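Down below is the structure, laid out as structure tokens.
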Amino acid sequence: MDTDTSTRQSTSGLEWKLHPLVLINVSDHHTRTRANTPGASPTGLASPAVMGCLLGSQSGRTVDIRNSFEVRYNMAADGSVELDVAFLLKKQEQYKQVFKTLDVVGWYATGSVVTDMHMQCQRKISEVVEGPVFLLLDPTVDHSRKDLPVTLYETELHLSSDSGAPGLVFVRAPYAIETSDAERIGVDQVARILPSGRATGSEQLSAQLASMHSAIKMLLERLRLVHEALGRVVAARPASDAAAAAAAAAAAVPYPHSLLRQVSSLVHSLPACDTEAFNREYLTEYNDTLLTLYLAAMTRGTHIANEVVDKFCLAYDKAGRRRGI
């Protein structure tokens, strides 16, 4: 099979809408599988690939991929994939009873590139679903990557570059992220969970303040850099000494006026902080924060005093019982 799908684009004309719930489910499936696999780490064994089915609905030429569920499979001795078709059909029937408008529109897997194994799975799932779409999630962490590590593939009939015989090949399908109000709330809640797995109020506040501190620190560094760059620009003014004027001109760094206009526009776009409304809002939030801290300190002190009283009563209660005996 020709797996070079980097330049081939789909010609079906379908518009794919991908919902965040699908990405969360696939990522969670991969994370749980990796956590339950002994030795699966960046320096150890590679975590096994996960597979599942995509649920969605089609309206005209638009297909919404809204949900997903996991699918069991086994790797044969010859390297082929054996899908549990009975499990797939049972899960499809169960989801159809609850979500009557959702049908299986495709399947997903994790991996870096498309392989022959994916085409084998595509053919087997095509026996259950007509024209399934394939979603490939790349679990490799790449901090320099700016887009989502998700690719949608459709299958089309093309002539093989080697033998010239017609065959199915994967082609890239463009997609867009579609979210609803409920999904935005859920994604925001997931984004607030710390890497430690805990999401209490104090830890979320600490994480938010830490990220805010990092953003302010980065902004300060950028402003300092702009200030130093503008400080090297020498304003044109008359000089009495020709030698001093030549030395000043040599020390100055010529900047185009367009750059200065951009800096001026950026500075003027920042909101004004020296206004009565801002000062009033700032003082209100500042007083509320101080009041919250004061209330927390009082609650902590009351709790400690209550523990001391309980210990004191317990100790003297035991002594009185001994004297009574």
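What follows draws every value from the coordinates through simple rules; no lab data is involved. Remember, it's a predicted structure, so these values are computed and weren't measured experimentally. Glycine also receives a Cβ, built like all others from the backbone with ideal geometry; neighbour counts cover every protein chain displayed.
Values for this structure:
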item: Dimensionless Rg ratio for region 64-141, taking C-alpha atoms and the 2.2 N^0.38 Å reference; result: 1.14
item: Region 79-128, dipole about Cα centre (Lys/Arg Cβ +1, Asp/Glu Cβ -1), debye to the nearest 20; result: 200
item: Convex hull volume of region 49-90 per residue (C-alpha atoms, cubic angstrom); result: 101
item: Distance from region 278-309 to region 124-189 (C-alpha centre basis), Å; result: 51
item: Extension gain, T289 back to F99 (0.36 nm per residue minus Cα-Cα distance, nm); result: 63.8 nm
item: Highest to lowest packing among 136-146, 99-109, 9-19, scored as the average C-beta count within 10 Å; result: 99-109, 9-19, 136-146
item: Within-12-Å neighbourhood charge of V85 [Cβ basis; K, R +1; D, E -1]; result: +1
item: Calculated P(r) of region 24-161 - Cα pairs past 20 Å, %; result: 51
item: Computed E for S214/F278 - FRET, C-beta separation, R0 30 angstrom, nearest 0.05; result: 0.80
item: Global form of region 101-171, assessed from the alpha-carbon gyration tensor, a/c cut-off 1.5; result: oblate
